[in-house]
1. Which one of these is within 26 Å of residue 216 (Cα to Cα), under 12 Å from the mean Cα position of the chain (by Cα) and in a helix (DSSP H, G or I): 153, 137?
2. Could you tell me which numbered condition residue 193 fails, if it satisfies all but one of (1) touching a strand residue (DSSP E or B) at 6+ places or on another chain (Cβ under 9 Å); (2) without any contact (Cβ under 8 Å) to a residue 60 or more places away in the chain; (3) surrounded by 16 or more Cβ atoms within 10 Å (Cβ to Cβ)?
3. If residue 48 satisfies every condition in (1) crowded, with 19+ Cβ neighbours inside 10 Å; (2) of a type in the set (Gly, Ala, Ser); (3) at pLDDT 95 or above but one, which is the exception?
4. In the range 81-92, is there at least one residue being among the aromatic types (Phe, Trp, Tyr), touching a Leu at 6+ places or on another chain (Cβ under 7 Å) and assigned to a helix (DSSP H, G or I)?
5. Select from the range 20-31 the residues that are of a type in the set (Gly, Ala, Ser) and crowded, with 21+ Cβ neighbours inside 10 Å and write down the one among them that is nearest to residue 91 (Cα to Cα).
6. Among the numbered criteria (1) open to solvent by 50 Å² or more (accessible area, probe 1.4 Å); (2) over 12 Å from the mean Cα position of the chain (by Cα); (3) modelled with pLDDT of 95 or more, which one does residue 34 miss?
7. What number of residues within the range 1-57 satisfy the criterion of being without any contact (Cβ under 8 Å) to a residue 40 or more places away in the chain and charged (D, E, K, R)?
8. Taking the options 170, 207, name whichever one is of a type in the set (Val, Ile, Thr), modelled with pLDDT of 95 or more, touching a Ser or Thr at 6+ places or on another chain (Cβ under 9 Å) and within 15 Å of residue 136 (Cα to Cα).
Amino acid sequence: MSWPKGILFDLDGTLVDSAADMAAALNHVLMEDGFPELGVEAVTRMIGRGIQLIIERALVAHDAEATQARVDDIYPRYREAYIPRAVEQTRLFPGVADVLQECRESGARLGVCTNKPEEISRVILSGLDVDALFDAVIGGDTLATKKPDPAPVLEGLRRLGCEPGDGLMIGDSAADANAAKAAGVRAILVTFGYSQDPVRGLPNDGIVESFADLPDAISRLAGLATTV
């Protein structure tokens with residue numbers, strides 16, 4: 001029995017609880033444009049398909065026209081507002097640091113595959129002192145496409161030197177589950193993330209309710225054939 005050779009992790013809602021800082025940055029630029037603040041819970045429901053869609057959903061929430069031009073205007077201002085506050089309130093979910101270390105000690109190479117921009121993702125990983133644990137970071141702007149397209153998952157595994165059948169995706173959302181399925185990669189989903197879809201109804205090869213349960217879930221999968 002052996003663990004996967006490469007394990008990819010989603011970031012927001014999987015490794016980190018980042019909604020408060022995302023909401024703070026979003027509200028900063030919305031208030032510049034004369035809109036009232038959105039609550040953290042409201043912003044959390046917008047997370048999952050990249051910053052542009054978060055901005056679009058925020059405009060719609062304010063009954064504003066969410067044209068591409070308007071989203072494109074807000075996007076760089078959001079990034080500028082977000083980077084300096086990216087780890088003000090963002091924290092690793094309980095158990096993440098220990099489990100990542102255990103995965104590394106198992107011999108697996110680790111990567112992040114997120115729809116958040118790569119630069120901001122790296123700022124968060126560094127700020128939380130876990131960047132050295134990852135051999136690859138694929139952000140929402142690393143390639144021309146984002147999850148649920150399978151390309152980011154496949155590129156992440158390629159950078160880890162891993163074939164799809166020997167890889168694993170850990171995530172919290174339909175974007176993660178569907179990207180993994182399309183890539184021919186097994187997926188374990190967490191229940192504590194930001195998904196607006198019940199994770200038990202998404203394609204998966206295992207579900208965990210806490211990060212501490214992940215090693216056992218991976219070990220169970222490791223007893224299966226590696227061919228997907």
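1. 153
2. Condition (2) is where residue 193 drops out.
3. (3)
4. No, there is no match, as no residue in the range 81-92 is among the aromatic types (Phe, Trp, Tyr), touching a Leu at 6+ places or on another chain (Cβ under 7 Å) and assigned to a helix (DSSP H, G or I).
5. Restricting to residues being of a type in the set (Gly, Ala, Ser) and crowded, with 21+ Cβ neighbours inside 10 Å, the top hit is 23.
6. Residue 34 satisfies every listed condition except (3).
7. Number of matching residues: 4.
8. Values: 207 fails: within 15 Å of residue 136 (Cα to Cα).
Of the residues listed, the single one that is of a type in the set (Val, Ile, Thr), modelled with pLDDT of 95 or more, touching a Ser or Thr at 6+ places or on another chain (Cβ under 9 Å) and within 15 Å of residue 136 (Cα to Cα) is 170.
The values are calculated or read from the model by the stated rules, or taken from the named source; none is laboratory data. The structure presented is a predicted model; accordingly, all values stated were derived computationally and were not measured. Don't worry about glycine lacking a Cβ; one is built from the backbone with ideal geometry, like all the others, and counts go over all protein chains shown. Just so you know, the surface numbers come from the protein's heavy atoms only, side chains and all, with ligands and any DNA or RNA stripped out. Shrake-Rupley method; radii C 1.70, N 1.55, O 1.52, S 1.80 Å.
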